[in-house]
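Remarks on the structure that follows.
The values are calculated or read from the model by the stated rules, or taken from the named source; none is laboratory data. All values reported here derive from a predicted model rather than from experimental measurement. So basically every Cβ, Gly included, is an ideal-geometry build from the backbone, and we count neighbours across all protein chains shown.
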Amino acid sequence: MWWQLVAATALLSAARAVDRNNFKTCQQSSFCRRCRAVQEGRSPYKLLLDTLQADANSVHAHVVNTENSVLFTFQLYALTDDTFRFKINELSPLRPRYTVSQHVLDREPRLARLEVTERTPDYVVVTAGPNKVQLFGAPFRLDFYSHGTLVVSANARGLMRFEHLRSKPQQKEGEEGAADAAAPSQDAADTDPGAWEENFKSFHDTKEFGPEAVALDFSFVGAHRAYGIPEHADSFALKSTKNTDPYRLYNLDVFEYELHNPMALYGSIPFLVGHGEGHTAGVLWLNAAETWVDIANTVDQNVVSSIVSFVSGAASSPQVDAHFMSESGIVDVFVMLGPAPHDVFRQYTAVAGTTPLPQYFSIGYHQCRWNYNDQDDVRQVHGKFDEHDIPVDAIWLDIEHTDNKKYFTWDKVKFPDPTDMVHNLTAKGRKLVLIVDPHIKRDSNYFLHNDAESNGFYVKTKDGKDFEGWCWPGSSSYLDMFNPAVRQYYASRYRLDNFHGTTNDVHIWNDMNEPSVFSGPEVTMNKDCVHHGGWEHRDVHNVNGFMLNMASYEGLLERSNGKLRPFLLTRAFFVGSHRYTSVWTGDNMAEWGHLKITIPMCLSLSIAGFSFCGADVGGFFKNPDPELFVRWYQAGAFQPFFRTHSHIDTKRREPWLFDENTMSLIREAIRKRYSYLPYLYTLFYELETSGRPVMLPLWAEFPAETPTFDMDDQYLLGRSLLVHPVTDAGASTVSVYLPGADTLWYAVDSHQKYVGGGTVQIPVTMSSVPVFQRGGSILAKRERVRRAAILTLDDPFTLVVAVDRNNSASGTLYIDDGESFEYRKGKHLYLSFVFDGKKLTSRSLDAGQLPSRTWLERVVVLGWSSGAASALVESRSVGRVTVETTYDQASQTLTVRKPGVSMAEEWTVSLQ
Ligand SMILES: *[C@@H]1O[C@H](CO)[C@@H](O)[C@H](O)[C@H]1NC(C)=O
Ligand SMILES: *[C@@H]1O[C@H](CO)[C@@H](O)[C@H](O)[C@H]1NC(C)=O
């Protein structure tokens, strides 16, 4: 069969690019075509202001489509933290329309008070705290104001479209298609030949419920750029789609994806951030159906927008316009009003949830390959890491570890003794990560298939049969994770007594969860398949992978009775996936362009709540040359998730298989990563508690610096490190933009000081990783090399104090047991360090306590210009002691040796 051919081709790592013909364009998608054809400035939708009623937290009213008199409900809610939400649904739909909020919001958003403060025949003003919304009747439009400034407007361009559910037109004898039989309407939903059925290549989509698209436009007033809506292999700042397809959000397994285009990839987060010099705002379009997003940027086009000139008269104000178009579902929108970037990030996580602190090992280095062949191979690989003194925290096994791609089983010939294999890893402080894919082999000797089939646990076809598709195991079916009983069943598969050969030190990788179906349209499931609750796959496609991750997470949590933090990796994702799993950017290639794109791809995910992001180091397809490989390790070492992975047909690429020099450069990069783990872990703690992304665009900290708006080659790791990895072959210098005219930056290796506010040329060698510590920051490192991250938990710290122009600095450090949830009960240390130019002070930021043996080994002060100094250390355990210091005049670095204080006590170090 042809799809076996596709699968076979997929195995050959051919150097060709993606076959675009396998994926739809907007023109080939009937709803996208219809929505995109809506003309600006002629919106038929009218908000019936005389129906508007208010209660303490919301207003509701009817909206009418004046062309066909169909009525809709409109609700607007004020939420806490400067956020509004509005929903539009049919007043009386023929069948309920799917609302994804029921599946992805772990709690109802917290409501705030609002008041109707003005009512006129043309508009109503609703006020909530410092914000207001002006609701216009005809045409329907919503203007969102933050502290008196208009920042977001919905339907300003009049591109709203809400296709009400309708009865299928009767087909007359001898007529083909539904188009001619339709009522005498001019609406595209009645005339489009793709409205009631649609073909793509050899695939037929029976659209039983007909046209049901929803679309709406948003203008970000004052915004220079828009960011977000991952996942695309494109620049961080979204491009105008005037001459291309819109950005597409439809979770797909795209074989050998191409760079710099708006094509869909594995995951979808329909969250957009508009950013300008003076203001940042966000819009979450909470819809799980296939979605396309047009972007227009007035800065580039030099077009004066009607809305801006109408409202503020500021004709030169920049603006970004977005147009969301989804195939089904309802309009459910959150508008986050900022005003600063960090406000928007926090407001988003208030709705979508925050990322729970990961286990310490999981921010270490991961060694993966398709495949480590057998248990001897695994033993040799981690043995070699020891032989070469390279830290590694986990060895990963891809699909070949199973008995014929039956997940939760082992190939008994290659892995006769998995328990012993795991034990050998954990004896060295390491973990095993196993792949568990969602396709279930249809094999009557497979317990999972038998259970699923007999319990009716599989996703159904439109005719009510078990859906069958082709994937790695051959003929496969797919568990329906929308059924709570299926999730419960699936979660219990991870129990240690159910999953032979696993322990609490075995973690899980959910791949292929778009879902990938080799034999399906666009390599995924048919849209007319049916899930629990009667939802078509069309309605829920983009949240499918999320549901699987949610069940896996529950399973991993339950297997330790809720004690240990689960670690998961996913390929597909949706709004909220970050609550359960880490993510990587899928099947990339060993090319310089793919190394470069890791930065904008992970930044897009980060600002959309998903910080725990990385890319396959070295590239999944093809073989990296030593230079690319080293540069990729150096870049990956400063990204939140750090894993190498490679295709089965590539050459083996464990570091020691390269020449001595290459291997030592890789070792150096990995060790550098480990030295920063305390800082990175602190960032993850602060991600959970404050919603601040781990990887940040420069404009998050320097919002008015326009040169940062289009940057794809550098970013901030937390607030204190600026990272500009070398991503060009043969580079001898890199141009680094250091923001902040008042800000000092210190190269972390040479301690050389730079003043921000411009671009500097930094010479580089093969061992250079251009990273700069921000003046005014203090961060913690651990500099002893060990086999794995958890073996360093009792090791002492080095504090690097980088002073600002006032000779002061501050920072934080978070420590706990690295694996359990005890930290939430106060078993942790969260410390604040303040340096005032003379004295460095450590204090607890909360009441947390940890019986910790860690101590302070070293304080390094960067930018210390007053020459040699003596250091007086004071604490309960050491009393008052003077300790040795050294001073390096050339780099203006003062090092205080062995203050010796415990991290669990309050202390000071005074310099004189
Ligand atoms: C575990 O380690 C021991 C000692 O090195 C070795 O003999 C044994 O083969 C290992 N077991 C597995 C399954 O790798
Ligand atoms: C230095 O201190 C002054 C006065 O407190 C303050 O206004 C300024 O922002 C500080 N500069 C830096 C770089 O922190």
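For the range 466-499, a residue qualifies if it is closer than 17 Å to Phe447 by Cβ, touching a His at 6+ places or on another chain (Cβ under 8 Å) and outside any helix (DSSP H, G or I), and the qualifying residues are Pro473, Ser476, Ser477, Tyr478. For Ser808, indicate whether it is within 16 Å of ligand 2 (Cβ to nearest atom), of a type in the set (S, T, N, Q), over 28 Å from Leu357 (Cβ atoms) and loosely packed, with under 14 Cβ neighbours inside 10 Å. Considered against the rule, which asks whether it is within 16 Å of ligand 2 (Cβ to nearest atom), of a type in the set (S, T, N, Q), over 28 Å from Leu357 (Cβ atoms) and loosely packed, with under 14 Cβ neighbours inside 10 Å, Ser808 comes out as no. Residues considered: Gly609, Gly619. Of these, the only one that is under 16 Å from Phe236 (Cβ atoms) and among the small types (Gly, Ala, Ser) is Gly609.
Taking the numbered list (1) in the same structural domain as Thr854 (by TED's automatic domain parsing); (2) more than 16 Å from ligand 2 (Cβ to nearest atom) in turn, Thr759 passes all entries but (1).
Rundown of residues vs (1) without any contact (Cβ under 8 Å) to a residue 40 or more places away in the chain; (2) in contact with a Gly (Cβ under 8 Å, 6 or more places away or on another chain); (3) not aromatic (Phe, Trp, Tyr), yes/no style:
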{"site": "Gly848", "(1), (2), (3)": "yes, yes, yes"}
{"site": "Arg853", "(1), (2), (3)": "no, no, yes"}
{"site": "Val860", "(1), (2), (3)": "no, no, yes"}
{"site": "Ser866", "(1), (2), (3)": "yes, no, yes"}
{"site": "Ala871", "(1), (2), (3)": "no, no, yes"}
{"site": "Arg876", "(1), (2), (3)": "yes, no, yes"}
{"site": "Gly879", "(1), (2), (3)": "yes, no, yes"}
{"site": "Glu884", "(1), (2), (3)": "yes, no, yes"}
{"site": "Gln892", "(1), (2), (3)": "no, yes, yes"}
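Look at (1) assigned to a loop (DSSP other than H, G, I, E, B); (2) over 17 Å from Leu397 (Cα atoms) and you find that Ile648 fails only one, number (2). Just one of the numbered conditions (1) in a loop (DSSP other than H, G, I, E, B); (2) closer than 25 Å to Val378 by Cβ is not true of Leu448: (1).
Note on the range 748-777: among residues that are charged (D, E, K, R) and not in a loop (DSSP other than H, G, I, E, B), the one that is surrounded by the fewest Cβ atoms within 10 Å (Cβ to Cβ) is Lys753.
Contact map, the range 325-336: first residue closer than 21 Å to Arg36 by Cβ, second residue modelled with pLDDT under 95 and crowded, with 24+ Cβ neighbours inside 10 Å, Cβ cut-off under 8 Å, separation 6 or more or different chains; the map is empty. A count restricted to the range 713-758 and to residues that are among the hydroxyl-bearing types (Ser, Thr, Tyr) and in contact (Cβ under 8 Å) with a residue 40 or more places away in the chain stands at 6.
Does Val283 satisfy being β-branched (Val, Ile, Thr) and within 28 Å of Phe620 (Cβ to Cβ)? For Val283, the condition - β-branched (Val, Ile, Thr) and within 28 Å of Phe620 (Cβ to Cβ) - is not met.
So that you can scan it fast, the table gives a plain yes or no per residue for (1) closer than 29 Å to Thr706 by Cβ; (2) in contact with a helix residue (DSSP H, G or I) (Cβ under 9 Å, 6 or more places away or on another chain); (3) not aromatic (Phe, Trp, Tyr):
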{"site": "Asp205", "(1), (2), (3)": "no, yes, yes"}
{"site": "Ala226", "(1), (2), (3)": "yes, no, yes"}
{"site": "Ser235", "(1), (2), (3)": "yes, yes, yes"}
{"site": "Leu259", "(1), (2), (3)": "yes, yes, yes"}
{"site": "Pro262", "(1), (2), (3)": "yes, no, yes"}
{"site": "Gly282", "(1), (2), (3)": "yes, yes, yes"}
{"site": "Trp285", "(1), (2), (3)": "yes, no, no"}
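Listed here are the residues, each with its yes/no results for (1) under 30 Å from Asn450 (Cα atoms); (2) within 16 Å of ligand 2 (Cβ to nearest atom); (3) surrounded by 23 or more Cβ atoms within 10 Å (Cβ to Cβ).
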position	(1), (2), (3)
Gly338	no, no, yes
His342	no, no, no
Ala350	no, no, no
Gly353	no, no, no
Asp386	no, no, no
Pro391	no, no, yes
Ala394	no, no, yes
Tyr407	yes, no, yes
Thr426	no, no, no
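Scanning the range 500-551 for residues that are in a strand (DSSP E or B) and of a type in the set (A, V, I, L, M) gives Val506, Ile508, Val530. Would you call Val771 within 34 Å of the chain's Cα centre (by Cα), away from ligand 1 (no atom under 16 Å from the Cβ) and farther than 22 Å from Val901 by Cα? Against the criterion (within 34 Å of the chain's Cα centre (by Cα), away from ligand 1 (no atom under 16 Å from the Cβ) and farther than 22 Å from Val901 by Cα), Val771 qualifies. Of all residues assigned to the range 717-736, none qualifies as being surrounded by 19 or more Cβ atoms within 10 Å (Cβ to Cβ) and in a helix (DSSP H, G or I). One residue alone among Glu686, Glu668, Glu660 is touching a strand residue (DSSP E or B) at 6+ places or on another chain (Cβ under 9 Å) and surrounded by fewer than 21 Cβ atoms within 10 Å (Cβ to Cβ), and that residue is Glu686.
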